[in-house]
Amino acid sequence: MATETSPGPQEIYALDPLVVTAVRTETALEDTAYTTHILDSNFLEQGNHRTLPEALQYIPGVLVQKTAAGHGSPFIRGFTGRQNLIMVDGVRMNNSSWRSGPVQYWNTIDSRSIERYELIKNQGSVLYGSDAIGGTANVITKSSNFRNFADGEHFFFGSGDYEFRSNGDGSHIGRVESGVGIGNQFGFFLGVTGKDFGDIRGPKVGVMENTGYTEEAFDLRFDMALFDSSTLTFAHQYVNQDDVWRFHSTVFNQGWTKDGKVATPGNFQARIYDEKRSLTYLRLKGASPVADAWLDRWSLTLSYQTQEDREFQDRSAGAATDLRLQETEVETFGFDLSLESDIGEGTLVYGLDYYHDEVDAFGQRDSTGAGLVNTPGFRPVADDSKYDLVGAFAQYTWRPSQHFEVTGGGRFTHAEARLGKFFDASLGEDRSASRSWDDVSGSLRALYRLNDTWSVYAGISQAFRAPNLTDLSGNLTTLSGTPAAGNVDVDPEEFITYELGTRYNADTIYLNWSVYYTDISDIITGVPAAAGSGTNITTNGQDGKIYGVELEGRWRFHADWTLSGFAAWQDGETETPLFIGGPVQTDNLSRLNPLSGSLALRWDAPSRRYWVEGRVLAAAKQDKLSRRDQTDTQRIPIGGTPSYVVLMANAGWQVNDHLDLTLGLENLTNEDYRTHGSGQNEPGFGAIARAKLSW
């Protein structure tokens, strides 16, 4: 059996995969009026990526910022964290405790459990509600795929793989997975993953102590056919990460200098995160067996999620003791109903969704050496709180001809926060509060097919982000030590994105070019309480704009040779008061993605048992910094982040039908570099070896 090749993010489009997240229904990529990207399991495995966020660095317009090796947060068209929506198997993962800026939660998805990753840029809020601003991502996890086997066929399959990464102290990653069932009747799938990441070594800074961490994960799924066209699914996923250090804040960060740019050392004795996340869901999904039925397809999902977020800080200096511990526990109950009906010359997708968070939080501090004690003023968010998101949506795609279609839709969302206990510094005591908001968002998109291979798409999409518990009551440390306090009086953020793109998809060539412009209003951000104040107050204090150009392509110029790559450029600015009630100043957008690009050349043997790929990844210097960037000197060097050019190579050999071997060489020239906005340098030269045994 010949091995399946692993197309890169610029190559996979020739396979004409299905996209679920774009329009809440299975639609071929070439039929979507969005800029869409797909990474499949082969790319994720053969590309030798440490984590899911690191795999996204090959998507144009995406800057992968890493505050720590275990905390990757993609900036998608200028937005990160809670201004991007991530889903797992269509279930919303964002919750009301997520803080602002780069967050760690994307890395709590086990990259080894993924079947396919889909990203829709600037989709807006019509289909999925709050947070879908820069990008809407759907991670589709592995299953038994029992529908792909012959009716009544008994099947059993599985694999075990091990990966070793030589850089620094070395890393060990392993996974075992298996599926069993009867074709078109039922299927069971189970996967277990273990990761022990060692400390990373940089070319100039040496071993970066405490950049390693451990992770355990498992996922199980049971699918059963209720009827020929309906499937009942039960799934459970769990991830646990221990001792993820925010390296840049600590004394183990000795600073970094390159090209005259200087990043300053850290000063905390320790800053450690522990993360746990679980997802359980029950889904009924099907299609009508009757032609011309009023309801063609449906999906009903009930979900339950947990998130435990624990941070320990040791800020002690000299004889002074300063220990802090914050913990947040979130339970999320979800309901999602999505329906599809063919009406007239088009398709209507409509439904309801509801997510309810129950949040507990505590904060402890030791400033005397007597031990940690509960301290209300150090809670990360309000304790004993509840948060609701309720939405109703409808989107109609009208197809008056085979060449032209228009998609328009709207959503109504109600958000409500009930804060149980949060510390009011002005009163010196705990109090409670409640707020609610209503939002109506719309979107209008068009797609015109010039011929069988060439199409043009354009759209206007509204998006919003409802204030969450962190906005309203947060008490967190940001920007290398600056405290930020929440504000119960903030209102939703609002965005409008205009986009124009063209797509060419033939047998041997794929091209996609897009331009975008996003108007930003009422961003919730921290603004100094007064001139010279060391405390930020959360407020709707920022307006702005961001715009950019993206190009990606793939050319299979020979049956065995493929050239692929991308280039991206963006710019943007904001208007923010210098302090509460102070003058407004125009500023650069924080963490602008520098001019960046990549080029890869891949050879697949005629037998498809061997493959070799070489890649170059490059970014220009980024010295266009916001005022906040300029103060974040532990992550962003004074004067900006230097440019870099990195070379890497990967190769694979399918020894037989059961054994696959891959070898990767990262950073071939031992380039000393850092991704813009990150809290640590990238690894120097290293080898990555992997063996996978299948049965």
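The values are calculated or read from the model by the stated rules, or taken from the named source; none is laboratory data. These figures come from a predicted structure and were not determined experimentally. Note that each Cβ is placed from the backbone with ideal geometry, even for glycine, and that neighbours are counted across all protein chains shown.
Taking the criterion of being part of a strand (DSSP E or B), small (Gly, Ala, Ser) and either more than 21 Å from the chain's Cα centre (by Cα) or at pLDDT below 95 (or both), the residues of the range 326-366 that qualify are Ser338, Ser341, Gly346, Gly351, Ala361, Gly363. Just one of the listed residues (Gly158, Gly187) is assigned to a strand (DSSP E or B) and crowded, with 22+ Cβ neighbours inside 10 Å, and it is Gly187. The criterion of at least 2 residues that are over 26 Å from the mean Cα position of the chain (by Cα) and not charged (D, E, K, R) is met by the following strands (runs of 3 or more DSSP E) wholly inside the range 227-321: 230-245, 256-258, 261-263, 270-287.
Only one of the numbered conditions (1) surrounded by fewer than 18 Cβ atoms within 10 Å (Cβ to Cβ); (2) closer than 20 Å to Glu340 by Cβ is not met by Asp296, and that is (1). Look at (1) within 30 Å of Gly684 (Cβ to Cβ); (2) at pLDDT below 95; (3) buried (at least 21 other Cβ atoms within 10 Å of the Cβ) and you find that Asp169 fails only one, number (3). Restricted to the range 589-625, and to residues there that are of a type in the set (Lys, Arg) and not in a loop (DSSP other than H, G, I, E, B), the residue that is farthest from Pro577 (Cα to Cα) is Arg602. Counting the residues of the range 643-695 that are more than 23 Å from Val244 (Cβ to Cβ), polar (S, T, N, Q) and not in a strand (DSSP E or B) gives 4. Against the list (1) surrounded by fewer than 17 Cβ atoms within 10 Å (Cβ to Cβ); (2) in contact with a strand residue (DSSP E or B) (Cβ under 7 Å, 6 or more places away or on another chain); (3) more than 30 Å from Leu450 (Cα to Cα), the condition Phe557 fails is (3). Taken over the range 573-588, residues that are assigned to a strand (DSSP E or B) and either charged (D, E, K, R) or at positive phi (or both) amount to 3.
Assessment of the range 656-664 against the conditions (closer than 15 Å to Val64 by Cα and touching a strand residue (DSSP E or B) at 6+ places or on another chain (Cβ under 8 Å)) yields no matching residue.
The set of residues in the range 127-155 that are in a loop (DSSP other than H, G, I, E, B), more than 30 Å from Ser443 (Cβ to Cβ) and touching a residue at least 40 places away in the same chain (Cβ under 8 Å) comprises Lys142, Ser143, Ser144, Asn145.
Selection over the range 544-570 of residues that are among the aliphatic types (A, V, I, L, M) and either modelled with pLDDT under 95 or not in a strand (DSSP E or B) (or both) gives a count of 1.
You will find that of Gly286, Gly260, the residue that is touching a residue at least 60 places away in the same chain (Cβ under 8 Å), more than 22 Å from Ser111 (Cα to Cα), loosely packed, with under 15 Cβ neighbours inside 10 Å and of a type in the set (Gly, Ala, Ser) is Gly260 and no other. Applying the criterion of being at pLDDT below 95 and out of contact with any Asp or Glu (no Cβ under 7 Å at 6 or more places or on another chain) to the residues of the range 571-584, the residue that is nearest to Thr518 (Cα to Cα) is Pro577. Given the criteria within 23 Å of Thr675 (Cα to Cα), in contact with a strand residue (DSSP E or B) (Cβ under 6 Å, 6 or more places away or on another chain) and at pLDDT below 95, does Ser626 qualify? Yes; evaluated as a whole, the condition is true for this residue.
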